[in-house]
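The structure appears right after this line, and notes come after that.
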Ligand code: EPU
């Protein structure tokens, strides 16, 4: 495995272009299973999670054609298998989208429980609840979910918790169901809207995505078409925070500023300059960073996936900040790594108390998960001296050309073979 070696102290400056949204595309690719015809998907990020999900579709019998590294054509017309064993799904949590997509396609699915980032219990009870409402019988045996229905019938589904995955999965199962499905207390994340837009572009009838009530009128057939994935809200936020942390001046291009409002608001509160353009955001900082309290929430709240990066920023801000994790049970595991770099943070359950310190100091650290990995890189960029970020497999899952993009902005960062790890 590789590691990143960073020498801190450079102020990031220049322009960076954000890639397509990981959490949209990992649902849009399985959604192609519902389509009879060729789906041309553009603005696909070239990341490991995409390779993994593409590989799963290919194993199910889909024909995949890469036009270039960011444009893929998928033809699922010859797929006959509805079985995704553990060996296939274990590399990626979002493989649960195969359940909804295969159910929508075959009214049957056999999908093993998936793997993915680990930050506490990751139940799928709301996915199951939604499928059952559509008439699906579910059995779980030997780590495999067996789902089947004589017919999928539209129904009313109330989500007990706001869940991105459950909202999208029920949407996938419902687009070709008989009648109307209404999802209440639906997730409103930009990627939920993007999946709905993709399905509609292929001929589905999904209304209300982006609000908490989504109405899906079943259609007989989805046909092929072309779709371009939205920019990645979390990658954009990561670069915004990196620019602020290093006291730099960066134009983050190919973004939807509306999706970034919660981040923009927090940065301004912390003394950072943020200027919005139509499809770009400029982040610069000359003043001292000051404390802010952050609570992560479902969209449009502050995203949990930017909680580790913002904690790095708060760790070098003047004053005491309180960060409350409102989505996941245990998403502060990376804090121990940050403390080794000199951060002063106390964690109690879902709350972290961050005392700003004058500086961080470079040290070897682990990327304990995807977003924690991005946070370690930002910490390395501001720290004194040399930081080594190990376990890059997490970062590679979700950020396209991360270190190249940072290098262009002036970061002193390089990827080297990690002889210390497997
Ligand atoms: N939950 C349940 N029951 C369910 C589903 C979820 O109780 O059936 C709970 C979870 O335990 C959690 C909360 O609901 O406390 C939210 O979970 P959600 O289902 O929204 O998460 P997810 O769909 O599994 C996606 C992203 C995550 C991101 C979360 C929250 C993808 C592939 N993953 O996960 O992204 O943290 O939404 O926004 O879309 C990442 O990109 O690094 C990442 C982890």
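What to note about this one:
- With respect to the chain, whose longest principal axis is taken over its alpha-carbon atoms, helix 48-60 is tilted by about 20°.
- All alpha carbon pair distances within the range 166-287 were sorted into 10 Å bins beginning at 0; the resulting P(r) in whole percents reads 13, 35, 23, 19, 9, 1.
- Whole-percent pair-distance distribution, where bins are 5 Å wide, for the alpha carbons of the range 351-422: 3, 15, 24, 28, 18, 8, 4, 0
- Exposure proxy order (Cβ contacts within 10 Å, fewest to most) of 278, 232, 2: 278, 2, 232
- Order of 19, 363 - criterion: other Cβ atoms within 10 Å of each residue's Cβ, fewest first: 363, 19
- Alpha carbon centroid spacing (whole Å) that separates the range 301-346 from the range 206-228: 37 Å
- Once the Cα-Cα distance is subtracted from the 0.36 nm per residue extended length, the residue 416 to residue 87 segment shows a gain of 115.5 nm.
- Mean-position separation - Cα centroids, the range 52-128 and the range 382-422, in angstrom: 29 Å
- Taking other Cβ atoms within 10 Å as a rough exposure proxy, 77, 284 sort from fewest to most as 77, 284.
- Residue-averaged 222 nm ellipticity for the chain, from DSSP H runs of 4+ at -39500 (n - 2.57), nearest 500: -9000 deg cm²/dmol
- With N the number of residues in the chain, Rg(Cα) / (2.2 N^0.38 Å) evaluates to 0.98.
- The DSSP beta bridges internal to the chain are antiparallel in roughly 70% of cases.
- With the convex hull of the Cα atoms taken as the outline of the range 22-228, the averaged projected area works out to 9.8 nm².
- The modelled label-to-label distance for the pair residue 129/residue 359, using points 7 Å beyond Cα in the direction of Cβ, is 5.1 nm.
Since every read-out is calculated from the coordinates, none of them should be taken as a lab result. This structure is a prediction, so every number in the text was calculated from the model and none was measured. Because the Cβ atoms are built from the backbone with ideal geometry, glycine has one as well, and the counts that use them run over all protein chains shown.
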